[in-house]
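Note sheet for the following structure.
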Amino acid sequence: MIKSSFDLWIAIGVVVLLPPIIWANLRHRQSGIMGYLWRESPWLARIGLSFLALVWLSSAIELATVYGLVSESGAQLMATVLGVPMLALSLTILVMAAIVLARYLKSRPSA
């Protein structure tokens, strides 16, 4: 829920910046941490980007509520509906990331 001008600017930033971030991570899978994840655990990368898409959708709904495009009760309903998959995806990301991290640490040569 947007309660201050700072929250409003954060929501605007999320709505503006997340689509290019998601697009870049879908298109450029060769380097960095996401490159490693796309090679080692593509499902974790997909689930993570799906979670970011849900964060974007949630922020877009909040902004639509602030500007009067969506009613407050509609926004609460959508937040509840989005909350369940966001919870499931966040728990899945935590478990899968722990598995990938353990696999990475195990594969490193010992010093």
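The values are calculated or read from the model by the stated rules, or taken from the named source; none is laboratory data. These figures come from a predicted structure and were not determined experimentally. Glycine gets a Cβ as well: all are built from the backbone with ideal geometry, and neighbour counts include every protein chain shown. All accessible areas refer to the heavy atoms of the entire protein, side chains included, with ligands and DNA or RNA removed. Shrake-Rupley method; radii C 1.70, N 1.55, O 1.52, S 1.80 Å.
Being out of contact with any helix residue (DSSP H, G or I) (no Cβ under 8 Å at 6 or more places or on another chain), modelled with pLDDT of 95 or more and not hydrophobic (A, V, I, L, M, F, W, C) is the filter here, so list the residues in segment 1-19 that pass it. Passing the criteria: only Gly13.
If you go through segment 95-111 and pick out every residue that is part of a helix (DSSP H, G or I) and without any contact (Cβ under 8 Å) to a residue 60 or more places away in the chain, you end up with 10.
Each residue in segment 28-67 was checked for being open to solvent by 60 Å² or more (accessible area, probe 1.4 Å) and either farther than 27 Å from Leu105 by Cα or in contact with an Asp or Glu (Cβ under 7 Å, 6 or more places away or on another chain) (or both), and 4 pass.
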